[in-house]
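One structure is given below, encoded as structure tokens.
The values are calculated or read from the model by the stated rules, or taken from the named source; none is laboratory data. Computed from a prediction, not measured in an experiment: that's the story for all the values here. Glycine also receives a Cβ, built like all others from the backbone with ideal geometry; neighbour counts cover every protein chain displayed. Areas reflect the complete protein model, heavy atoms only, side chains present, ligands, DNA and RNA absent. Shrake-Rupley method; radii C 1.70, N 1.55, O 1.52, S 1.80 Å.
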Amino acid sequence: MFKKIAIALLAAAATGTLALTAPAAAASPGPYDQSDQWGPVHARHHLAKAKGWVGVEWDEHQESNTVHVKGRLYDLDPRGYGQGGRCAYVKFQAASFDHEWDEVYSRKHCGYPGSKKFGFSVDDVSALRVKVCQVHPYKHWVSKCGHWDHLYAAESE
């Protein structure tokens, strides 16, 4: 376990990504090898945000993993839709062990000043990132995105 943590810290330092190294009991109960809180991550102009928790389980041979994400998406845009108001939108991309990025989850929430819970799991992940945007309430035009925030990076073998 300590070797895995040390390698993850070195990988995080080299790539600038956040490697999860907190003990499982520190952030959430369960059988997680790594877990941590993430966020808040904002859309441009801070009119939407998301935050939450991520946990990683490795199989007994350390060859495969499952990443679990829980969070809450906040609509912070007080404008009405007729005045240009937008809904909150969050999307996640995961890189497989061959480093191909794919969108694995997205969620939209309309309803200032409210929020919506979400959660998902994805298998065989070498890295996970999140971006928060705004989206038109009746169309699928995503806009005003913040930057990608890296939530997890597996250590290199």
Candidate set from region 104-114 (those that are assigned to a strand (DSSP E or B) and under 13 Å from residue 75 (Cβ atoms)); member that is farthest from the chain's Cα centre (by Cα) | 109
Answer yes or no: is there a residue in region 2-21 that is over 16 Å from residue 153 (Cβ atoms), at pLDDT below 80, out of contact with any helix residue (DSSP H, G or I) (no Cβ under 8 Å at 6 or more places or on another chain) and of a type in the set (Phe, Trp, Tyr).
-> yes
Has region 115-132 got at least one residue that is within 18 Å of residue 35 (Cβ to Cβ) and more than 18 Å from the chain's Cα centre (by Cα)?
-> no
Candidate set from region 123-151 (those that are in contact with a Phe, Trp or Tyr (Cβ under 9 Å, 6 or more places away or on another chain), in a loop (DSSP other than H, G, I, E, B) and not aliphatic (A, V, I, L, M)); member that is surrounded by the fewest Cβ atoms within 10 Å (Cβ to Cβ) = 138
Top-ranked residue in region 46-85 [being modelled with pLDDT of 95 or more and of a type in the set (Gly, Ala, Ser); ranked as nearest to residue 141 (Cα to Cα)] | 48
Kindly indicate whether any position in region 63-70 is touching a Phe, Trp or Tyr at 6+ places or on another chain (Cβ under 7 Å), under 14 Å from residue 151 (Cβ atoms), among the polar types (S, T, N, Q) and not in a loop (DSSP other than H, G, I, E, B).
-> yes
Number of the exception - residue 52 against (1) open to solvent by 40 Å² or more (accessible area, probe 1.4 Å); (2) part of a strand (DSSP E or B) = (1)
Scanning region 72-85 for residues that are out of contact with any Ser or Thr (no Cβ under 7 Å at 6 or more places or on another chain) and either open to solvent by 40 Å² or more (accessible area, probe 1.4 Å) or at positive phi (or both) gives 76, 78, 79, 81, 82, 83, 84
When residues of region 86-107 are limited to those that are aromatic (Phe, Trp, Tyr) and open to solvent by less than 40 Å² (accessible area, probe 1.4 Å), the one nearest to residue 139 (Cα to Cα) | 89
